[in-house]
Amino acid sequence: MTGRMVVAGASMAGLRAAEQLRSAGWTGAITLVGDEPHMPYNRPPLSKEVLAGKAPFESLAFRPRASVADVEWRLGTKVVASRLAERAVVLDDGSELSYDGLVVATGMRPRRLGCPGPLAGRHTVRTLADAQGLREELTRPGVRVVVVGAGFIGCEVAATAVGLGVAEVTVVDPLPLPMVGPLGELLGRALLRRHEERGVRFALGTGVARFEGEDRVTGVVLGDGTVLPADVVVESVGSLANTEWLDGNGLDLTDGVLTDGRLRVGGRPDVVAVGDVARFPNARYDGVPRRVEHWSIPTDTAKHAAKVLTGAEPAPFAPLPTFWSDQHDFRLQSFGAPALGRDDVRVLDGDPAADVLVGYHHAGRLVGVVALGGPAAVSAAARYRAELLQQPALTA
Amino acid sequence: MKVVVDMNKCQDHGQCVFAAPDVFQLDENGRLAYVDDPDDALLDEVEEAADVCPLQAIRIEG
Ligand SMILES: Cc1cc2nc3c(=O)[nH]c(=O)nc-3n(C[C@H](O)[C@H](O)[C@H](O)COP(=O)(O)OP(=O)(O)OC[C@H]3O[C@@H](n4cnc5c(N)ncnc54)[C@H](O)[C@@H]3O)c2cc1C
């Protein structure tokens, strides 16, 4: 096989795509274009070990497979436009790259709050630079922190801040419980209690109206009028897909890049999407295209997409989503699609006040399992993984 | 092939066990045990296990 594969986005999904192209038999050139200055590194530690000062950068870098030793890395370079009909992408240095196959792997960036107030003192956590900058602020004595957003990253950051000795950590969210969207009420309540016991405060059921302060944030004004004094604010209110460079090609870019059941973009055989940015139907579930921001997805999508791009016709993509989250001294471990079974949640084992294993059901069938607690709960969840894998497709 | 797991990094996620059950196991205490010189025929599985380790604690040599 000759010619050139171009991978746009040189993070986890981009790296895995290059490696999987080699595994699928592609011996031609591969060029990875990434706007960060770094080689691909692992993001989950950013809100945990890196923020806690426990993981140096060297420990984050992925170890690429030997098979990609000869690929070309264009780091610190952004893809700014594309003409899919002509098989070309345009880079920010003005040059163009033509390709035989294109992998879209440009991931997400944090969404920002649009409400009024100063910008200084407000942080997001997506990149190494973000985590290092936030760490510097959190380690100042007496600092007061408000985390906006009680999702996974917000809860992780709050837990890490408490672990760093920050005395005042408050999490704000318009929803009534942490992580209630993906996990439902039962675990939301269990998580709230665990965080509160370890010193995290919550202001739930109300959002941010505006930020106080002249040059820098000094407080957060909530929708109900409450003012939370704050030296540091962390915004973890979701993410936006990096797809602007695909504009003008007639693609559906409403939330990430829409793919078919084989991860092909725009019905083309020569363009695929992988990782967080891909909005794909999962043949295991209801066929509704969704983006999945879980660490397991870059590897799963890369494997499938590489086969497609090298001309194979694999079965429709049907990964088993897998997620974990480390907060304080406990872990959440999820297999399957709990959000699809949020209306029928049953305790499978244990007790929400201690270690617990929870099953999520749709039309009476188990569609997801989540463990909360120590190693015993987590390995119990793993025992259900085989059951989830074996189930026939769920149709809407 | 030689497999080395950095046990200081390992946090018992068990993802390697799903990817390469012939090479990686969790013992009854949930701690990782593994074969450090698996057959070369298992390279694909072991590479996958290394990829899916959230701590990137698995290294393949030779
Ligand atoms: C703080 C944090 C903690 C997390 N913790 C967990 C966890 O505990 N468990 C879990 O399961 N998942 C976790 N995740 C999710 C997981 O890390 C992501 O799913 C994964 O990083 C997605 O990889 P990706 O390569 O698709 O996207 P990204 O990692 O976002 O990579 C996209 C890359 O493309 C680059 N790029 C964007 N636009 C362009 C362009 N136009 N040209 C060139 N390059 C471009 C970006 O700069 C970036 O380097 C966490 C994520 C974050 C941010």
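Observations, loosely collected:
- Only listed residue being away from the ligand (no atom under 16 Å from the Cβ) and open to solvent by 40 Å² or more (accessible area, probe 1.4 Å), chosen from A:Ala230, A:Ala209, A:Ala203, A:Ala190: A:Ala209
- The sole residue among A:Arg122, A:Arg144, A:Arg63, A:Arg140 that is under 21 Å from A:Ala306 (Cα atoms) and more than 15 Å from the ligand (Cβ to nearest atom) is A:Arg63.
- Enumerated strands (runs of 3 or more DSSP E) restricted to the stretch A:268-364, each holding at least 3 residues that are within 23 Å of A:Val7 (Cα to Cα): A:271-273, A:278-280
- Selection status of A:Ser67, more than 20 Å from A:Arg126 (Cβ to Cβ), of a type in the set (Ser, Thr, Tyr) and out of contact with any His (no Cβ under 8 Å at 6 or more places or on another chain): yes
- Check on A:Gly368, in contact (Cβ under 8 Å) with a residue 24 or more places away in the chain, farther than 26 Å from A:Ala158 by Cβ, away from chain B (no Cβ under 14 Å) and in contact with a helix residue (DSSP H, G or I) (Cβ under 9 Å, 6 or more places away or on another chain): no
- Residue in the stretch B:41-57 that is in contact with a Gly (Cβ under 6 Å, 6 or more places away or on another chain) and modelled with pLDDT under 95 present: no
Residue by residue, here is whether (1) under 18 Å from A:Ile297 (Cβ atoms); (2) in contact with a Lys or Arg (Cβ under 6 Å, 6 or more places away or on another chain); (3) not in a helix (DSSP H, G or I) holds:
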position: A:Thr2; (1), (2), (3): no, no, yes
position: A:Met5; (1), (2), (3): no, no, yes
position: A:Arg16; (1), (2), (3): yes, no, no
position: A:Leu21; (1), (2), (3): yes, no, no
position: A:Gly25; (1), (2), (3): no, no, yes
position: A:His38; (1), (2), (3): no, no, yes
position: A:Pro45; (1), (2), (3): yes, no, no
position: A:Leu51; (1), (2), (3): no, yes, no
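- Pick from the stretch A:19-42, criterion more than 12 Å from chain B (Cβ to nearest Cβ), within 12 Å of the ligand (Cβ to nearest atom) and in contact (Cβ under 8 Å) with a residue 60 or more places away in the chain, ranking: surrounded by the most Cβ atoms within 10 Å (Cβ to Cβ): A:Val33
- Qualifying residue in the stretch A:242-257 (condition: under 26 Å from the mean Cα position of the chain (by Cα), over 23 Å from A:Glu86 (Cβ atoms), within 16 Å of the ligand (Cβ to nearest atom) and crowded, with 16+ Cβ neighbours inside 10 Å): yes
- Top-ranked residue of the stretch B:1-40 - restricted to ones that are within 10 Å of chain A (Cβ to nearest Cβ) and hydrophobic (A, V, I, L, M, F, W, C), ranked as nearest to the chain's Cα centre (by Cα): B:Val17
- Qualifying residue in the stretch A:140-147 (condition: of a type in the set (Gly, Ala, Ser), more than 29 Å from A:Phe57 (Cβ to Cβ) and in contact (Cβ under 8 Å) with a residue 12 or more places away in the chain): no
The values are calculated or read from the model by the stated rules, or taken from the named source; none is laboratory data. Keep in mind that this is a model prediction, so the values were computed, not measured. Note that each Cβ is placed from the backbone with ideal geometry, even for glycine, and that neighbours are counted across all protein chains shown. Heavy atoms of the whole protein, side chains included, go into the accessibility calculation; ligands, DNA and RNA do not. Shrake-Rupley method; radii C 1.70, N 1.55, O 1.52, S 1.80 Å.
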